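The values are calculated or read from the model by the stated rules, or taken from the named source; none is laboratory data. As the structure is a prediction and not an experimental result, all values here were calculated from the model. Backbone-built Cβ (ideal geometry, glycine too); neighbour counts: all protein chains shown.
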Amino acid sequence: MSGVAFILISILTLAAALATATLPNLMHAAFCFVLALLGLASFFFLLGAEFVGLALVFIYIGAVAVLIVFTILLTRRDSKEHHGVNWSGVLIAFAVFVGLIWAVLKTQSLSIVPPHIRALTVRQIGQTLMTGYVWPLQCVGLLLTAALIGALVLVMEEKK
Amino acid sequence: MYRIMTPTLPLVLIVSAALFSIGLLAALSRRHAIFILIGIEMMLAAANLNFIAFWRFAPPPHPSTGVMIAIFSIAISAAEAAVGLAMVIAVYRHYRTTNVDEYDQLKG
């Protein structure tokens, strides 16, 4: 884990996230969201969780971001946001940020020396999913099926 | 000087806290329904980063616990995004707008 890569990736991720939160043009903001997710995935790579980083790229960028872009294009009537800064939102977000930073810096037990990086292969992950985590896996499968059917039912035209 | 720059657990947690606050900012200050959803997704992603950071820095009892939790969390947020975007489209069909200020029928 190199420090320079860490700094660069965190700057990229946070700048892209901030652009997502503030840009008035919706398509630009959506693409900045994709950029922020890429930064987050490289964060996972940096921390040694390659499989989660790849899953993030596949699921978030491949499915969720495309879905978001499609929805923006489908609801394009007011694609520019009539802008006015909502100061209470900024204030609350900043207060939460300061509170979280305070909590992180106050906690003494967080200064742990990182242990040696353990190679966690995809084979191991698959075996763990199929042995110890079978029931959560089935529940997530059920949840995804229910969410898909629910989304379809929500957007179905009502036939008179 | 270089020692400070190497990523430690508090540094990763601070980046994650910043990402969470930016997501909260997007969810609170945007007026477009899709971008409120994006803000929520960003907060969930920051939580995932926390899971992975704690998994990396503190040895858990089982070597893959943090990765498992992150994978399940990603799957659940994908389901949430699908349902949320479907709701945005359904409401758009009714109101012809995606500005949440004009969704005033549910006001108490």
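Numbers at a glance
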| read-out | value |
| --- | --- |
| Looking only at region B:78-102, and only at residues there that are more than 8 Å from chain A (Cβ to nearest Cβ) and touching a residue at least 12 places away in the same chain (Cβ under 8 Å), the one that is surrounded by the fewest Cβ atoms within 10 Å (Cβ to Cβ) | B:Asp101 |
| Residue among A:Lys106, A:Lys80 that alone is modelled with pLDDT under 85, surrounded by fewer than 13 Cβ atoms within 10 Å (Cβ to Cβ) and more than 9 Å from every other protein chain (Cβ to nearest Cβ) | A:Lys80 |
| The lone exception for B:Ser73 - which of (1) at pLDDT 85 or above; (2) surrounded by 19 or more Cβ atoms within 10 Å (Cβ to Cβ) it fails | (2) |
| Complete set of residues in region A:38-70 that are over 25 Å from B:Ile36 (Cβ atoms) and small (Gly, Ala, Ser) | A:Ser42, A:Gly48, A:Ala49, A:Gly53 |
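So that you can scan it fast, the table gives a plain yes or no per residue for (1) farther than 17 Å from B:Pro7 by Cβ; (2) crowded, with 23+ Cβ neighbours inside 10 Å; (3) more than 10 Å from every other protein chain (Cβ to nearest Cβ):
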{"site": "A:Ser2", "(1), (2), (3)": "no, no, no"}
{"site": "A:Ala17", "(1), (2), (3)": "yes, yes, no"}
{"site": "A:Thr20", "(1), (2), (3)": "yes, yes, no"}
{"site": "A:Asn25", "(1), (2), (3)": "yes, no, yes"}
{"site": "A:His28", "(1), (2), (3)": "yes, no, yes"}
{"site": "A:Phe31", "(1), (2), (3)": "yes, no, yes"}
{"site": "A:Leu38", "(1), (2), (3)": "yes, no, yes"}
{"site": "A:Ala41", "(1), (2), (3)": "no, yes, no"}
{"site": "A:Leu56", "(1), (2), (3)": "yes, yes, no"}
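Listed here are the residues, each with its yes/no results for (1) without any contact (Cβ under 8 Å) to a residue 12 or more places away in the chain; (2) within 16 Å of the chain's Cα centre (by Cα); (3) in a helix (DSSP H, G or I).
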| site | (1), (2), (3) |
| --- | --- |
| A:Ser10 | no, yes, yes |
| A:Phe45 | yes, yes, yes |
| A:Tyr60 | no, yes, yes |
| A:Val64 | yes, yes, yes |
| A:Leu67 | yes, yes, yes |
| A:Leu73 | yes, no, yes |
| A:Ile92 | yes, no, yes |
| A:Val96 | yes, no, yes |
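Residues are listed down the side, and each one gets a yes or a no for (1) basic (Lys, Arg); (2) part of a helix (DSSP H, G or I); (3) more than 7 Å from every other protein chain (Cβ to nearest Cβ); (4) closer than 20 Å to A:Leu137 by Cα:
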{"position": "B:Leu25", "(1), (2), (3), (4)": "no, yes, no, no"}
{"position": "B:Leu28", "(1), (2), (3), (4)": "no, yes, no, no"}
{"position": "B:Phe35", "(1), (2), (3), (4)": "no, yes, no, no"}
{"position": "B:Ile40", "(1), (2), (3), (4)": "no, yes, yes, no"}
{"position": "B:Leu44", "(1), (2), (3), (4)": "no, yes, yes, yes"}
{"position": "B:Asn48", "(1), (2), (3), (4)": "no, yes, yes, yes"}
{"position": "B:Phe54", "(1), (2), (3), (4)": "no, yes, yes, no"}
{"position": "B:Pro63", "(1), (2), (3), (4)": "no, no, no, yes"}
{"position": "B:Met68", "(1), (2), (3), (4)": "no, yes, no, yes"}
